[in-house]
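Presented below is the structure to which this report refers.
The values are calculated or read from the model by the stated rules, or taken from the named source; none is laboratory data. Note that this is a predicted model, so its numbers are computed, not measured. In this analysis, Cβ positions are derived from the backbone assuming ideal geometry, glycine residues included, and neighbour counts consider all displayed protein chains. These area figures cover heavy atoms from the full protein model, side chains too; ligands, DNA and RNA do not enter into them. Shrake-Rupley method; radii C 1.70, N 1.55, O 1.52, S 1.80 Å.
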Amino acid sequence: MAKQSKKTEIVRSQAYLRFRQRLLSGLLTMALIAIAVVAWQLHASYVDREAGLRRQTQHFARAMEAHVLYAIQFADLSLIGFSNAIKVLPPDSPADTISTLLSSRSSSFTHDFWISFIDANGKGVATSNQLPIKGVDYSDRDYFQFHKNSTSPHQLFIGGPTVGKVSKLKLFYLSRRVESKDGQFLGVIVAPLDAVRFAEVFENSRITDDVSITLVHHNGRIIARAPKFEEAYNLDLSRGVLFSALKNGPVGTFRTPSQVDKVSRLFSYRSLDKLPLIIVVGGTDKDAVWFASPTFIVGSAGLISLLALILLSGMFALKSYARLEERELRYRQLYGSSREMEAKLSASEERLRLIADNLPILITYIDRDERYTFTNRRFDEVFGLSRGGALGRKVEEVVGPAAYALSKPHLDKALAGRIVYFERPLQTRDGLRWDGITYVPDYGADGPVRGLFVMAEDVTARRASEENLKLAGLMYQNSSEGMMVTDVDGKILSVNPAFSRMSGYTEDEVKGHFAYELTSGLQDQEFFRKMHQALRESGQWEGEVWHQNKQGEHYLVSLRFNAVFDENGKAYRRVALFCDITKKKATEELIWRQANFDALTSLPNRRMFQERMRQEMKKADRTGLPMALVFIDLDGFKAVNDTLGHAMGDILLKEVAERFSHCVRGTDTVSRLGGDEFTVILGELKDCSDVQRIAQQILTSLAAPFKLGQEIVHISASIGIALYPEDATDPEILLKNADQAMYWAKQQGRNRYHYYSTCVPVDKSMDIHRTRCE
């Protein structure tokens, strides 16, 4: 019985088996269907996420492309404006002028870039942000080499990422070639763009942390990236998937791990039209990564687990759909941002127009039908038009038949593809002006010229300057003053006709000789050493030099030397102005002697006496040594004058003056005040006895008889002596006191000298030392 029961438990009825089979089949079928549904849903979600992510990155790439284009166009227009402004400057304009030009417009720039000018030798000249680039060598930079050897002078060059030589910032450069009006290479105008600023804009534009934005140069180097700018800057991507994808077209999408942070992303890229730049935007669907894990896919084998899986899958699908809708909303917001970016671009166009309207030159655009499609404000002002009044009108209609006839040949050359510069007169409501006009062809995408960029600057002042140079040449040839041009070593390069008339030498006779060869040798070497020192230190010298003409005659010239400096501030020419002042000097000397010396005796007159007395007083104050004033009046002169006549009296005065001159020291001054009155200024008296000795010599010299023709005459003198500063500190009072002492000498019998005293006068004619009143 036990064996029979056990057998009954093991064996199952066919109905049960069929039921179990059907149940298992149903469950299996149900599980398979659920798994198939879940698998299909997962695949559909993945496809939707991938498509959404592709749209997101494409929209984002388009928006970033618009921002980069705006920045490039803004900087490029600034380059064009300053390039044309520099081109019209005079050829020898100093660096300060260019620096002033750049800094005067620096407030119009953003902080993303600045403007620098490099000369034709690759040396820094000036910059708008006052960086010390003057003299820095940029000749090894790729943009300088490109423009130096370029055959397309109107082409914009965009370089790869580079660290600035002076600023030490991470930059990339926009540059244009600067030419003169005849096509000569003047240098390069450069706009360094700050890569950090672009990275900051990219960082602020990221809507989620998994988004990456990268600006790549066509040379494969990263210019800016967010995030991880510092690690990515200047990283080489030329061997990566991006440049392989670029071969298929300028716009596209690919998935690959990032070379910077190794994160797998879906990347959308856009190569900027006609620019060597690529915008790359990458994104990941990291919110759904957990759903693809093997643990969740395997799940539980049981029905509850399967149903839970189906339920969770449905919930996840709904949740994923909601998240996709949320991402779609973000995409729409991004699209709105791109529209806003377009609006900003429109605003930037207004700013560009504002720049064009504030440039001092005329800027226009002419299509192939010779109709204006763009004019700046200066153009409208010059031609007296309302705002945009020239748009759609023909060139001939606006500028007039006469100006159009002069411009037409150049228009045809420019429309044929040549850059043209010419100058023409234009009659405006403000009068006649001269314009320097540049036609730059604008090539369409298919190749032919579709219009012309036109820039016209007012060259009236420059032409007037050229006319002034011609006038200066005429003045040089026709000036009444002698002119000479030498090199820095003094070798003569040119002289004008007035110089030849003055010196007797022709230009060919003196050219190549040194200027000092014209001098007479009357000045010593020290004189010319000081002259050359002044020329080296200040660049100019003015004075009087004795020259010798071709006939060997000496003549005095008023000479002025001025140095001419080159653009580096180094003297390379000297210009001299000559004027023969020989006769003028002789006349001045005669007038001076007549004003300061007695015509009869040639002694200093009263005016010269007063001047020298003031000088001796100052010298006495400085040295502490006293000074004496001797006042002399001739005794018996009136009788000689009355009996023998004035002619004999004049002869007597001359001989008296000569005797007085032999009685004094070389530093003393003998003067005739008028009539028979004389004075002697005795300075720096170290021994007071010198006064008595000289006074006694004067009396002794007059004691000898004078022979006047056939007559023998005897005269004497009365002498008054006053000391400085003891007797007076004022010149007039000192003279008055000496005169008073002379009268005391006359009263005491004449033929003697007397010191001035404030006491009752006593006879001091034989005193050796002067006594003072107590």
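Structure summary
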{"read-out": "Those lysines that a straight Cα-Cα span of less than 16 Å connects to LYS413, excepting residues fewer than 8 apart in one chain", "value": "LYS181"}
{"read-out": "Accessible carbon and sulfur surface of region 425-548 relative to its total accessible area, %, 1.4 Å", "value": "53 percent"}
{"read-out": "Sequence-distant residues sharing a close amide H with ARG424 (under 5 Å, placed H)", "value": "ASP435, ILE437"}
{"read-out": "Carbon/sulfur fraction of accessible area - region 641-761, other protein chains in place, 1.4 Å, %", "value": "49 percent"}
{"read-out": "Cβ crowding within 10 Å averaged over residues, with 275-283, 569-577 ranked highest first", "value": "275-283, 569-577"}
{"read-out": "Along principal axes, Cα extents of region 134-290, largest first, whole Å", "value": "68, 34, 24"}
{"read-out": "Which listed pairs, of LYS123/LYS247; LYS87/LYS470; LYS550/LYS584; LYS491/LYS550; LYS686/LYS707, have C-alpha distances above 30 Å, in listed order", "value": "LYS123/LYS247; LYS686/LYS707"}
{"read-out": "Percent accessible area from carbon and sulfur atoms, region 183-261, protein chains only, probe 1.4 Å", "value": "47 percent"}
{"read-out": "Amide hydrogen neighbours beyond the local backbone of GLY252, cut-off 5 Å, H modeled", "value": "TYR269"}
{"read-out": "Highest-first arrangement of 383-392, 453-462, where packing means the average Cβ count within 10 Å", "value": "453-462, 383-392"}
{"read-out": "³J(HN,Hα), Karplus 6.51/-1.76/1.60, whole Hz, each residue of region 601-611, x for Gly, Pro", "value": "9, 6, 7, x, 8, 4, 5, 5, 4, 4, 5"}
{"read-out": "Hz values of 3J(HN,Hα) by residue in region 656-663 - Karplus curve (6.51, -1.76, 1.60), Gly and Pro given as x", "value": "4, 4, 5, 5, 4, 5, 7, 8"}
{"read-out": "Using θ = phi - 60° and Karplus 6.51 cos²θ - 1.76 cosθ + 1.60, couplings along region 734-749 (whole Hz; Gly, Pro as x)", "value": "4, 5, 5, 5, 5, 5, 5, 4, 5, 5, 4, 5, 5, 5, 8, x"}
{"read-out": "Residue-normalised accessible area of region 619-658, expressed per residue, 1.4 Å probe, Å²", "value": "46 Å²"}
{"read-out": "Semi-axes of the equivalent ellipsoid for region 502-607, Cα gyration tensor, largest first, Å", "value": "34, 19, 12"}
{"read-out": "Most to least packed among 70-82, 189-201 [average Cβ atoms within 10 Å]", "value": "189-201, 70-82"}
